[in-house]
Structure formats: structure tokens, C-alpha cells
Amino acid sequence: MSNHKRESCREMLGTLSLYLDGEAEESLCREIERHMAECEDCRIVVDTLAMTVKLYREHGQRSLPGEARRRLYAALDLTDFLPGGQKSASPSDRSSTKGLDD
Ligand SMILES: [Zn+2]
């Protein structure tokens, strides 16, 4: 059931990370939303990811931590679309997990 491997899907999924982080341009958001309207597979994927991002936001995270994102993408069979240069981008990832083991 790898329907979301079509050309337009790949294009959309490749930009998804920006969209989820709220860093996508208005026009890109439109494109993604339009694709989602036409493609149920992608809609499910984006909904799942967006819901998770929202949960993290409600817990004070600006965006999805790298590890959580990797796990989600793997669960959705999207590892091809994981953004590569993520590691140095969020220095706050680590400090937020400190001092929680009380
Ligand atoms: Zn699609």
C-alpha cells in the first residue's frame, strides 16, 4: 500500500517538514493543502503528523524533536523524506529534557 509514492506525493512529502514546523511559505502551504484535498493517503499522513506536532506545541515545544519525528516518519514509511540537516538546527532540544527525572 505505497500509494503515496507518486511524483506529486513525493514532492509534497519532501516539504512536509517545513509545513509542520510552520516554516513553509504561504504558497507552499496552499500547495500542500490542495494536494491533501485530492490525495487521501497524504491527508492521513499529514493529519497524523500535524496532530503530533500540535501535541508537542501544547507541551511547550516549538517543533517536533528530531527523534520523535524520525520515529513518526518511520512508522508512516516516510524515512525517505526526513530532512537531512536537522542536527545543528535546534540547540534547545537537549536542555528541555534536563532535570525531568525527579
Ligand atoms: Zn499524495
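The values are calculated or read from the model by the stated rules, or taken from the named source; none is laboratory data. Only a predicted model underlies this, so the values are computations on that prediction, with no experimental measurement involved. Every residue, glycine among them, receives a Cβ derived from its backbone with ideal geometry; neighbour counts consider all protein chains shown.
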I'd like to verify a number: residues in segment 51-60 that are more than 15 Å from E23 (Cα to Cα) and more than 9 Å from the chain's Cα centre (by Cα), how many? 6
Within the set of pairs 6 or more residues apart or between chains, which connect a residue that is β-branched (V, I, T) inside segment 7-28 to a residue that is within 11 Å of the ligand (Cβ to nearest atom) and not in a loop (DSSP other than H, G, I, E, B) with Cβ atoms less than 8 Å apart? T15/I32
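Can you name every one of the helices (runs of 4 or more DSSP H) wholly within segment 37-102 that holds 1 or more residues which are modelled with pLDDT of 90 or more?
Answer list for segment 37-102: 40-58, 66-75.
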Flagged pairs (Cβ under 8 angstrom, 6 or more apart or on separate chains; first in segment 37-48, farther than 15 Å from A74 by Cα and touching a residue at least 24 places away in the same chain (Cβ under 8 Å); second of a type in the set (G, A, S) and outside any loop (DSSP other than H, G, I, E, B)) are C39/S8
Any chance you could count how many residues in segment 27-36 are in contact with a Ser or Thr (Cβ under 9 Å, 6 or more places away or on another chain), of a type in the set (A, V, I, L, M) and either under 18 Å from A75 (Cα atoms) or within 13 Å of the ligand (Cβ to nearest atom) (or both)? 1
Scanning segment 30-50 for residues that are surrounded by fewer than 19 Cβ atoms within 10 Å (Cβ to Cβ) and within 13 Å of the chain's Cα centre (by Cα) gives R43, I44, D47, T48, A50
